[in-house]
Protein chains: 2
Amino acid sequence: MPRNAFYAQSGGVTAVINASAAGVIETARKYEDRIGKVYAGRNGILGALTEDLIDTSQESPAAIAALRHTPAGAFGSCRYKLKGFEDNQAEYERLIEVFKAHDIGYFFYNGGGDSADTCLKVSQLAGKLGYPLQAIHVPKTMDNDLPLTDCCPGFGSVAKYTAVSIREASFDLASMAKTSTRVFILEVMGRHAGWTAAAGGLAAEKEGEGPQVILFPEIVFDEAKFLAKVDDCVRRYGWCTVVASEGLRAASGEFLSETGSKDAFGHSQLGGLAPILAQLVKDKLKLKYHYAVADYLMRAARHIASKTDLEQSYAVGKAAVEFAIAGKSGVMVSIVRKSDSPYVWEIGEAPLEQVANVERKMPREYITDDGFHITEACRAYLSPLIQGEDYPPYRNGLPAYVTLRNVPVPKKLKPFELKK
Amino acid sequence: MPRNAFYAQSGGVTAVINASAAGVIETARKYEDRIGKVYAGRNGILGALTEDLIDTSQESPAAIAALRHTPAGAFGSCRYKLKGFEDNQAEYERLIEVFKAHDIGYFFYNGGGDSADTCLKVSQLAGKLGYPLQAIHVPKTMDNDLPLTDCCPGFGSVAKYTAVSIREASFDLASMAKTSTRVFILEVMGRHAGWTAAAGGLAAEKEGEGPQVILFPEIVFDEAKFLAKVDDCVRRYGWCTVVASEGLRAASGEFLSETGSKDAFGHSQLGGLAPILAQLVKDKLKLKYHYAVADYLMRAARHIASKTDLEQSYAVGKAAVEFAIAGKSGVMVSIVRKSDSPYVWEIGEAPLEQVANVERKMPREYITDDGFHITEACRAYLSPLIQGEDYPPYRNGLPAYVTLRNVPVPKKLKPFELKK
């Protein structure tokens, strides 16, 4: 008798996480002798805790196929981290209770580092309670900070967006610099690792092309060196474009964006870096500036997704189901690079114990000695990830993204009170 | 004996202004019996004043054709407004002197309202001095605020970028809203007219789709009404996306956000609106927010240009040359709408006297009664302008934009001292 599968999307969404969902669902549909229905958690793991399940079998093949070209999380995601067993055993037990009630034998969890940790714990608890469950982690994070995989699905598209955008802005700035704006700053998401900022560096293929300056969270911000670098660029080329990671830190260890802007409650919110840098440029160098803050636009930009990233995102979803069919559990699907050029990759696997709560930062050798750009080694690593375009279909001049019906599965259990 | 042509790009550049350049140059090359060389001004009209001319005949047909898919100003633009005759007759006389020295009989000026004014004055002075010159204005402005034309080349692409971006961000936000961010604000350029913000409204095709709120410069900002509207959306849909024009004004008439710096035209530099709105949402509604500032990214985004806009941009460049060949002068090439659906347009002309220094704002009937969205009439006007995609070629995963050789024409005159 085939058992059902549970699939959920976790944490910040990406332009291609729905391609992983399509990979899971379409592949599961091919194994109907082994997998019954795929139930998706509405708003990620919350859907499992509250028994708010979506019956994906109610969606047409065309709708599931359209997930491949639709950004964000079609079933809803959440930022909700399960605590350790000791602190919150009730939640883990509830998950198993819901899985039991709906005969769920497969747990596919699509997320980043925190989710890998949850996936591992669920897998361990199921074992402890003697509940048969195969738990597979489907990697996803625009931050590209998961270990034991060549890259993280979602990152290649953010990387492409960043490189394309800063190239375009650099062309714009170069046109205007004679009489107007000289410095343009693009602030990008990426709290702890500089991968997304680094990707902007791909746009500078020749001497003098923008961006000339990249600010990484891995390199402590040095105001004097930054200003000297910008000043030198403007003297040399007439203009300077900067890609700055929101996670840029001052020597104190604080986020630079926090040093300037705290709200009435003393909380700081990231995303205020560009104006701080721009003000410095204006005050100290007396140069006219413009800045952009990419924020959600970059991670939602399915219209300029990387074809490589899209293919990998679909492939990890597909592989997760094949792993489960093959009897695996407690692993993350990974991407293994066989060569840089041509880029050859294949699907691999990594034990969740070695994935959970490990954050992969940029290696120092990927950053130039002066700390302001990427090295050739970094370029060789990043460049394959942005290759290829995969445009969504358009209707009325706009991308035709799908919204699913998201039909709920009838509940069988009593309501569950969430902690806090 | 064919006389030479002068072409210059003026003011803020767009994703498709180079398509107009391609239209001018490729068409001029077809009339070699009438037009000698096309000289481009390096950095716009400054190039004429300083006799810094670029010989476009040195560029290959392939390079000129590549302008069609390259954003920004290939010859450099400038923000430099010529004053009236009385204040600065020397500059106008210098232009004529340079034109005379290089046997320039055609003046093609590619810009917005200020440039139309310059084009008119140059045309008038040439007449007064008995210098034979045909002056044709080639319209361009992402602000869409020129009169007597259906739309302005450059706007359709900004409109498409804005609608695509806010649709994508809305999908992202809808995924996250259950446990995290509820409000997303996209700040767009557009100082006095709300056209670019309005275009975001095209993304909302059905009830509940984002953006649910648009803030126009034409509607005085009312904090209480804005917060009530956002609050209502969040209660109704769980989330709310907002497109806000940088030119939003307080009841006092001041821009809601002023940085204090002014550009060469005396306009103040904007760009700090989104954080102000976000802070309001956080303080008053206690909702988590994210915001993006599009800035140059929107007007440089050739990767998602509107095909309609691109075709019009090329067509106005081509028509400018044909107008000159037909003996016209002192006119702007315009776009005439024959029908909305299907969108049918043709080339027309408008006398520069009626174009210069007239700013076309959004008609009130294009904005809903509550002031927060666009009407069906506005949708019928805007929708045709974003139709179609025209992707640039890619190399190494990035758009293959062209950089011209920009070979200077040997100078014949003494240097000229610019005012101020």
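Readers should treat all values here as calculations from the given coordinates under stated rules, not as data from a laboratory. In this text the structure is predicted, and so the values were computed from the model without any measurement. Note: ideal-geometry Cβ built from the backbone for every residue, glycine included; neighbour counts use all protein chains shown.
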**OP:** Could you check which residue among A:L256, A:L277, A:L297 shows the biggest mean-square fluctuation in a GNM of chain A with a 10 Å Cα cutoff?
**Re:** A:L297
Subject >> Residues A:W195, B:W239, sorted so that the one with the fewest Cβ neighbours within 10 Å comes first >> reply: B:W239, A:W195
Subject >> chain A, relative contact order in percent, only Cα pairs under 8 angstrom and at least six apart counted >> reply: 23
Subject >> Antiparallel bridge percentage (DSSP; both residues within chain B; nearest 5) >> reply: 35
**OP:** For the stretch B:1-85, give the magnitude of the charge dipole about the Cα centre (Cβ charges: +1 Lys/Arg, -1 Asp/Glu; no others), in debye to the nearest 20.
**Re:** 300
**OP:** With +1 on each Lys and Arg Cβ and -1 on each Asp and Glu Cβ, and nothing else charged, work out how big the dipole of the stretch B:155-302 is about its Cα centre, in Debye to the nearest 20.
**Re:** 340
**OP:** Just name one of B:V213, B:I54, B:P139: the one whose Cα is farthest towards the positive end of the charge dipole of chain B (beta-carbon charges, Lys/Arg +1, Asp/Glu -1).
**Re:** B:I54
Original post:
What does the helix-only formula give at 222 nm for chain A: each DSSP H stretch with n ≥ 4 adding -39500 (n - 2.57), the total divided by the residues, and the result rounded to the nearest 500 deg cm²/dmol?
Top reply: -11000 deg cm²/dmol
Subject >> Globularity ratio of the stretch A:155-302, using Cα Rg and 2.2 N^0.38 Å >> reply: 0.98
Subject >> DSSP bridge pairs, the stretch A:155-302: antiparallel proportion in percent, nearest 5 >> reply: 5
**OP:** Could you tell me which Cys residues in the protein assembly as shown have no other cysteine's Cβ under 4.7 Å from their own Cβ, answering none if every one has a partner?
**Re:** A:C78, A:C119, A:C151, A:C152, A:C378, B:C78, B:C119, B:C151, B:C152, B:C378
Original post:
Most mobile of B:V213, B:V16, B:V321 per a Gaussian network model of chain B (Cα springs, under 10 Å)?
Top reply: B:V213
Original post:
Among A:G238, A:V16, A:I374, whose Cα lies farthest out toward the positive end of the dipole of chain A, if unit charges sit on the beta carbon of Lys, Arg (+1) and Asp, Glu (-1)?
Top reply: A:V16
**OP:** Place +1 on the Cβ of every Lys and Arg and -1 on the Cβ of every Asp and Glu in the protein assembly as shown, take the dipole about the Cα centre, and give the residue among A:P351, B:P408, A:P392 whose Cα lies farthest towards its positive end.
**Re:** A:P392
**OP:** Can you put A:E26, A:E207 in order of Cβ neighbours within 10 angstrom, beginning with the fewest?
**Re:** A:E207, A:E26
Subject >> Value of Rg/Rh across the protein assembly as shown [Cα atoms, Kirkwood radius] >> reply: 1.00
Original post:
Starting at 0 and stepping by 5 Å, how many percent of the alpha carbon pairs of the stretch A:166-207 end up in each bin?
Top reply: 5, 20, 26, 21, 16, 9, 3, 0
**OP:** Take every residue in peptide B:67-77, count the Cβ atoms of other chains within 10 Å of its Cβ, and give the average of those counts.
**Re:** 4
Subject >> Highest-fluctuation residue, A:T162, A:T141, A:T27 considered, GNM on chain A with Cα pairs under 10 Å >> reply: A:T27
Subject >> Unit charges on C-beta of K, R, D, E only; dipole of chain A, Debye >> reply: 740
Original post:
Taking neighbour counts of Cβ atoms within 10 Å as a proxy for exposure, in what order, fewest first, do B:E59, B:E353 appear?
Top reply: B:E353, B:E59
Subject >> Beta bridges by DSSP in the protein assembly as shown, antiparallel share as percent, to the nearest 5 >> reply: 35
